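The values are calculated or read from the model by the stated rules, or taken from the named source; none is laboratory data. Here the structure is a predicted model, which means the values were calculated and not measured. Note: ideal-geometry Cβ built from the backbone for every residue, glycine included; neighbour counts use all protein chains shown. Areas reflect the complete protein model, heavy atoms only, side chains present, ligands, DNA and RNA absent. Shrake-Rupley method; radii C 1.70, N 1.55, O 1.52, S 1.80 Å.
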Amino acid sequence: MFTVLLNGKIITPFRRIDRGAVLIENDHIKEFGAMDKVTIPEGSRLIDVGGAFISPGFIDLHLHGAWGGDVMGATTADLLRMAQGVVKGGVTSFLPTTLSGPLPDIVKAVDCIGRAMRMDIHGAKILGAHLEGPYFSLEQKGAQNPLYIINPKPEDYLPLFDKYPFIIRVSAAPELDGALELGQELKRRGIVASIAHSNASYQEVLQAIEHGYTHATHIFSGMSTIKRVDAYRVAGVVESVLVLDELTTEMIADGHHLPPSLMKLVLKTKGIDKVCLVTDSMKAAGLGPGRYELGGLDVLIESAIPEVFEISTQERNYVAKLADRSAFASSVATMDQLVRNMVKHVGLNIVDAVKLVTCNPARMQGIDHERGAIAEGMKADITVFDENVDIHLTMAEGEIVYQND
Ligand SMILES: [Zn+2]
């Protein structure tokens, strides 16, 4: 079965091809290029995208919930809601992410992710599981429930990794007792080890890199920064991530977590290839304002921002805060919003903005051999959107999973 997306501006995202076409055979990309160069087999289904952008499907490596589904809810219905909701934001694959909680609850959530992965879901593809916690620094807990924050112990995590080989990323604070050993174990198993909710110093970050950590979770959120020890300045995780080429990182580009200036700082220091965007969203993403519960904590969804912040207009951009407004409690952003924010508020061109949600996350998660680019033989994960990054069509592995007419 052949499908052809015609008359679009293709962002591969290594180059841009105007008046392009993409030929899809079953679940993969067969051919792409200028419209008059692509062979169109007889009987193909033709879809004219009317000059819109044709980009690889967006990849979200960090989200706790969306569209009413909650990873810690630990039901396949929750994951289905997420998989079928995130496609409206152009997402074609995602990494459901757990929160700090009692270990049995985390196990239940992971087990459920495994069951959902075996289901035939008409939606975005579930890539595996991302454990965010419970191995964190209490000083940098953010919206992670402090009741459940513990140190990593092999007798806890080894059985988990053995039983659930689809755990493909773990976010942890490397300065904890046992966290370097954890990093090495993750590296040995090919699991991405990411520095998160960490109070580490520059020296401790270097040690983390030596023990397998390659990524840093949501830069600026839940991490140490410059502090004074007597007359001396000590660099924290923020500065370490910015300066060390060994580390990649991710930004919550929802228009609340980071002002444009800090997003520019990250892009300028890390370079466009070392950064990806994540929603870090919770179940209210896509649903609108109100009061919700997240990992046992009360959470408020609103769009109010203080005057001192650099962005004043927040159309369509809500955020989740702890009930006392002392910290953000993950976001309610959708992936299309993040891309839009990069163009509108950070001044990126659309091709670079697309890299941050396609080939970059694919490379960081080690799935770039099959996802994250429009190239021959890749999975047909494709998103079609207009100049305003409003999503027109989302295709996951060759199947149209969302269409906005
Ligand atoms: Zn976090």
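Tell me yes or no: at least one residue of segment 165-187 is within 21 Å of Pro104 (Cβ to Cβ), among the hydroxyl-bearing types (Ser, Thr, Tyr) and at pLDDT 95 or above.
The answer is yes, given that some residue of segment 165-187 is within 21 Å of Pro104 (Cβ to Cβ), among the hydroxyl-bearing types (Ser, Thr, Tyr) and at pLDDT 95 or above.
From the list Ala253, Ala216, Ala200, exactly one residue is in contact (Cβ under 8 Å) with a residue 40 or more places away in the chain, under 27 Å from Ile301 (Cα atoms) and either of a type in the set (A, V, I, L, M) or within 16 Å of the ligand (Cβ to nearest atom) (or both). Which is it?
Being in contact (Cβ under 8 Å) with a residue 40 or more places away in the chain, under 27 Å from Ile301 (Cα atoms) and either of a type in the set (A, V, I, L, M) or within 16 Å of the ligand (Cβ to nearest atom) (or both) holds for just one of Ala253, Ala216, Ala200, which is Ala253.
Can you list the strands (runs of 3 or more DSSP E) lying wholly within segment 43-84 that have 2 or more residues being out of contact with any Asp or Glu (no Cβ under 9 Å at 6 or more places or on another chain)?
Result: 45-48, 53-56.
So Tyr402 fits all but one of (1) surrounded by 22 or more Cβ atoms within 10 Å (Cβ to Cβ); (2) not in a strand (DSSP E or B); what number is the exception?
(2)
What number of residues within segment 5-33 satisfy the criterion of being in contact with a strand residue (DSSP E or B) (Cβ under 7 Å, 6 or more places away or on another chain) and farther than 14 Å from Ala52 by Cα?
Of the residues in segment 5-33, 11 are in contact with a strand residue (DSSP E or B) (Cβ under 7 Å, 6 or more places away or on another chain) and farther than 14 Å from Ala52 by Cα.
Please list, ordered by residue number, the helices (runs of 4 or more DSSP H) wholly in segment 258-357 having 2 or more residues that are open to solvent by 60 Å² or more (accessible area, probe 1.4 Å) and either closer than 30 Å to Arg15 by Cα or at pLDDT below 95 (or both).
Here the list reads 260-270.
I need the full set of residues from segment 14-32 which are outside any strand (DSSP E or B) and in contact with an Asp or Glu (Cβ under 8 Å, 6 or more places away or on another chain), in order please. Working first, answer last.
Going residue by residue through segment 14-32, those that are outside any strand (DSSP E or B) are 14-15, 26-27.
Answer for segment 14-32, where residues must be outside any strand (DSSP E or B) and in contact with an Asp or Glu (Cβ under 8 Å, 6 or more places away or on another chain): just Asp27.
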